1. Of all the accessible heavy-atom surface of the chain, with the other protein chains kept in place and a 1.4 Å probe, what percent is carbon and sulfur?
2. So for the pair Phe36, Ile12, with labels modelled 7 Å out along Cα→Cβ, what separation do we get in nm?
3. Compute the helix-to-body angle for 2-31: its Cα long axis versus the longest principal axis of the chain, expressed 0 to 90° and rounded to tens.
4. Can you give me the pair-distance distribution of the chain, C-alpha pairs, 5 Å bins, whole percents?
5. Stokes-Einstein D for the range 13-53 at 37 °C, 0.692 mPa s, Kirkwood Rh over Cα pairs, in µm²/s?
6. To the nearest 10 degrees, how steeply does helix 37-46 sit against the main Cα axis of the chain, on a 0 to 90 scale?
7. Under a point spin-label approximation (7 Å from Cα along Cα-to-Cβ), what is the Arg22-Val45 distance to one decimal in nm?
Amino acid sequence: MSVIFGILFFMIFGKMIGLAFRATWGIFKIMLYIVFLPLFLLALVFGGLMYLALPILIAVGVISLIAGAVD
């Protein structure tokens, strides 16, 4: 009986750990795109690296438009 309990225990909590990793990855991607990318671009602009910030901004904008058209 304890073997069945152990197997079911690890099956349930294994799925919960997998869900936690997927949720964490989703939250990380949201934080990256909404918080860190704009802060990085602002730091580049204020640091005098506008020639680097503008191409990055254009590339991210084009990728966003393409990804939005596919969905």
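1. 85
2. Reported label-point gap for Phe36 and Ile12 is 3.5 nm.
3. It works out to around 10 degrees.
4. Here the calculated profile for the chain is 3, 13, 12, 14, 12, 9, 8, 7, 6, 5, 4, 3, 1, 0.
5. 275
6. 30
7. 3.7
The values are calculated or read from the model by the stated rules, or taken from the named source; none is laboratory data. Given the structure is predicted, the values throughout are model-derived calculations rather than measurements. All Cβ positions, glycine included, derive from the backbone under ideal geometry; neighbour counts span all protein chains shown. All accessible areas refer to the heavy atoms of the entire protein, side chains included, with ligands and DNA or RNA removed. Shrake-Rupley method; radii C 1.70, N 1.55, O 1.52, S 1.80 Å.
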